[in-house]
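Novice: Pasting a structure here, questions to come.
The values are calculated or read from the model by the stated rules, or taken from the named source; none is laboratory data. Here the structure is a predicted model, which is why all the values come from computation and not from measurement. We place every Cβ from the backbone using ideal geometry, glycine too, and count neighbours over all the protein chains shown. These accessible areas exclude ligands, DNA and RNA; they are computed on the full protein's heavy atoms, side chains included. Shrake-Rupley method; radii C 1.70, N 1.55, O 1.52, S 1.80 Å.
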Amino acid sequence: MTRVTISLPPRSYDAVIENGLLLRAGERLREVFALDNSSSKATKKLFVVTVPPVRRKWGKTLMASLSAAGFTAHILEMPNGERYKKLPTVEKLAEQLSRLGADRNAAIVAFGGGVVGDVTGLLASLYMRGLDVVQIPTTVLAQVDASIGGKTGVNLPAGKNLIGTFHHPRVVLIDPGVLATLSHREFRAGLYEALKCGVIGKPELFRALENVDLKQLRRDTAKLEWVIAESVRLKAEVVSSDERENGLRRVLNLGHTIGHALEAETEYKHFLHGEAVAWGMIAAAKIAASVKKTDEASAGRIADAVRRLGSLPEVRVSSRNILRLLKSDKKTRDGVVHFVLPREIGKVEVVNNVPEQVVSEAVEELRRLSK
């Protein structure tokens, strides 16, 4: 078992990473909430938010674990997919909570991928002005990134995550074993976020993923657990230093500036989030080389590592539309678009003076590479 602490006032929390952890989720939550097993009055109500595919594959395992630990648990379903990451979904879930009798002593469990985690986190931060939330991520992307750091959010047509809060979980329970049922595409998409962590500050992680055999990695439970743990450590270090993204935490947006624009322009239907970030990392590497923030060799190495993980959906968007969307990105300050650019493997920099022509050329390069 690996335990990584996210150190924040007024209360730190742990991300626990262990194969088979889902079977013991109830025990872990019993410890976290420090309930008295001998008192039925102390039993905390849990409301598990998930999507149909996760419920079918893993719902019984989780609910049995919660019941065995003495929790009264209800399961709520939301539609599956990025296009349901919007306010009406939060409202419908809140209405279900009310009908089921959720009160201020309840806790909400996000049981799914990044969309479920973001929506459930926002729901928990708003319902009755804030309930405890637990993250149990079931995709690579959610395990290595989305479940850590307390960001919640939903999308608007103008851009991704434009409505959201910071609402940290009580605990994050990560079981790499649940990744066995992911599609190959979903698995690979999540690894782009792990590769991103390598570029930002974990050179050893980057080297491990640079030429990785995905089929072998899926079978190697120890190595997969290490990849997840290293990614979580990187994010924990950054978030612990800058909770609200006022400085250092912005480095975690490597690949996300153009990646989010790609998602918004295609109405969140064409790319998985990790795939959009992958293209965004290639664009960031090209921009970095163009503005002399890194050398061509490092930029090429990043782009090659991304593309070696597998084929990506074609980029068919226009650079003009991407530039328009960048203006409404939440990382834009006073009308100035900020990019996270690699300087070398393991070091990045936030840059705010990138010429539009350079950005356009990077998007056109994505179009060329994707054909």
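Novice: What length, rounded to one decimal in nm, is gained on full extension from Asn353 through to Lys60, with 0.36 nm per residue of separation minus their alpha-carbon distance?
Specialist: Here the answer is 100.3 nm.
Novice: Going 7 Å from the Cα of Glu314 along its beta-carbon direction, which residues of the range 247-266 have the amide nitrogen within less than 16 Å of the resulting point?
Specialist: Under cut-off, by backbone N: 266.
Novice: What ranking do 150-161, 356-367 get when scored by the average of other Cβ atoms within 10 Å per residue, highest first?
Specialist: Ranked from most to least packed, the peptides come out as 150-161, 356-367.
Novice: Residues with amide H under 5 Å of Ile108's amide H, sequence separation 5 or more or different chain, H placed in the peptide plane at 1.01 Å from N; which?
Specialist: Phe47, Asp132, Val133, Val134
Novice: Could you order peptides 114-122, 335-343 by the average number of other Cβ atoms within 10 Å of their residues, highest first?
Specialist: 114-122, 335-343
Novice: Same structure again: Using a/c under 1.5 as the rounded threshold, could you call the range 166-315 rounded, prolate or oblate? The axes a ≥ b ≥ c are square roots of the C-alpha gyration tensor eigenvalues, and prolate needs a/b larger than b/c, oblate otherwise.
Specialist: Because its axes are fairly even, with a/c under 1.5, the range 166-315 counts as rounded.
Novice: Now a separate question. What lysines sit close enough to Lys160 to cross-link, taking a C-alpha to C-alpha distance under 18 Å and skipping anything fewer than 8 places away on the same chain?
Specialist: Correct list for Lys160: Lys85, Lys86, Lys151, Lys269, Lys327, Lys330, Lys331.
Novice: For Thr72, enumerate residues with amide H under 5 Å from its amide H, sequence gap 5+ or separate chain, H modeled in the peptide plane.
Specialist: Those qualifying (amide H under 5 Å, at least 5 residues apart or on another chain) are Lys44, Leu46.
Novice: Per residue of the range 109-119, what does 6.51 cos²θ - 1.76 cosθ + 1.60 with θ = phi - 60° give for ³J(HN,Hα)? Whole Hz please, x for Gly and Pro, Karplus curve as stated.
Specialist: 10, 8, 10, x, x, x, 5, 4, x, 5, 5
Novice: Follow-up question, since we're still on this one. Pop the C-beta distance of Asn105 and Gln216 into the FRET formula with R0 = 56 Å and round what comes out to the nearest 0.05.
Specialist: Step by step, r from the Cβ atoms, then E = 0.75.
Novice: How much of the accessible area of the chain, probe 1.4 Å, is carbon plus sulfur, in whole percent?
Specialist: C and S fraction of accessible area: 47 percent.
Novice: At 1.4 Å probe radius, can you tell me the per residue accessible area of the chain in Å²?
Specialist: 41 Å²
Novice: Which of the following values of volume of the Cα convex hull per residue in Å³ was calculated from the structure shown: (i) 120; (ii) 251; (iii) 165?
Specialist: (i)
Novice: In nm, what is the difference between 0.36 nm times the number of residues separating Arg343 and Arg368 and their Cα-Cα distance?
Specialist: Value of the extension gain: 6.6 nm.
Novice: Between Arg307 and Thr5, what FRET efficiency follows from the Cβ-Cβ distance if R0 is 35 Å, with the result rounded to 0.05?
Specialist: 0.50
Novice: Still on this model: Pull out a ≥ b ≥ c, the square roots of the eigenvalues of the alpha-carbon gyration tensor of the range 276-335, then state rounded if a/c is under 1.5, prolate if not and a/b is larger than b/c, and oblate in the remaining case.
Specialist: Oblate is the answer for the range 276-335, as a/c is 1.5 or above yet b/c matches or exceeds a/b.
Novice: Let me ask something else about it. How large is Rg/Rh for the range 241-371, to two decimals, with Cα atoms and a Kirkwood Rh?
Specialist: A ratio of 0.93.
Novice: What is the calculated FRET efficiency for Arg324 to Arg129, with r their C-beta to C-beta distance and R₀ = 30 Å, to the nearest 0.05?
Specialist: Using R0 = 30 Å, I get an efficiency of 0.25.
Novice: If you stretched the chain out fully between Phe166 and His270, how much longer would it get, using 0.36 nm times the residue separation minus the C-alpha to C-alpha distance?
Specialist: 34.7 nm
Novice: Hey, can you grab everything whose amide H is under 5 Å from the amide H of Glu349? Only 5+ residues off in sequence or another chain; H modelled, so Pro and N-termini drop out.
Specialist: Amide H neighbours of Glu349: Leu341, Arg343.
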